[in-house]
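Taking it in order: structure first as structure tokens, then the write-up.
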Amino acid sequence: GSIGNLPEMIGPLNLSNNNLPTLPESIGSLTVHGDLDLSNNRLTTLPESIGSLTVHGELDLSYNGLTTLPASFDQLAVGGNLHLNNNNLTHPLPHMENVEGYEFVARAATWAELTELHESDSDEEDGP
């Protein structure tokens, strides 16, 4: 399967379990009012335009075959959690100021900084 051109704004979008091998460059011009679920596809890379994507809810990229993330990924704006668990990422995730939280599976020591960030976010939520 593949996705053609996308509209500029859309409500929650579930594209999980569609065997998508790629995302179109037009993903960068998309604003999602809600969650964007791209889990359980066959994504191994993401287009450079992903950095311009805005998701007001959660972005789920879990259970794909992602090995690296584009340089623009640190510009991604996500209002909820960013799910990257169950991929094949081997490089550290860039510092991302525009993401509310992370969920991932630590695969190597390179994820240590992200683990610390995730744990500190969790500690704040567990307050009084």
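The values are calculated or read from the model by the stated rules, or taken from the named source; none is laboratory data. This one's a predicted model, so the numbers in the text were calculated from it and none came from an experiment. Positions of Cβ are backbone-derived with ideal geometry, glycine not excepted, and every protein chain shown enters the neighbour counts. Calculation scope for accessible area: heavy atoms of the full protein, side chains included, ligands and nucleic acids excluded. Shrake-Rupley method; radii C 1.70, N 1.55, O 1.52, S 1.80 Å.
Descriptive notes on the structure:
- Residues of the stretch 3-24 classified as modelled with pLDDT under 85 and open to solvent by less than 40 Å² (accessible area, probe 1.4 Å), total: 2
- Here is the figure for the stretch 58-86: residues that are over 11 Å from the mean Cα position of the chain (by Cα) and either open to solvent by less than 10 Å² (accessible area, probe 1.4 Å) or among the β-branched types (V, I, T) (or both) total 2.
- Evaluation of V32 against (1) of a type in the set (A, V, I, L, M); (2) open to solvent by less than 10 Å² (accessible area, probe 1.4 Å); (3) under 17 Å from D74 (Cα atoms) (one fails), failing number: (3)
- When restricted to residues that are touching a residue at least 40 places away in the same chain (Cβ under 8 Å) and under 16 Å from A77 (Cβ atoms), the stretch 38-58 contains 1.
- Selection over the stretch 39-56 of residues that are within 14 Å of L84 (Cβ to Cβ) and surrounded by fewer than 17 Cβ atoms within 10 Å (Cβ to Cβ) gives a count of 2.
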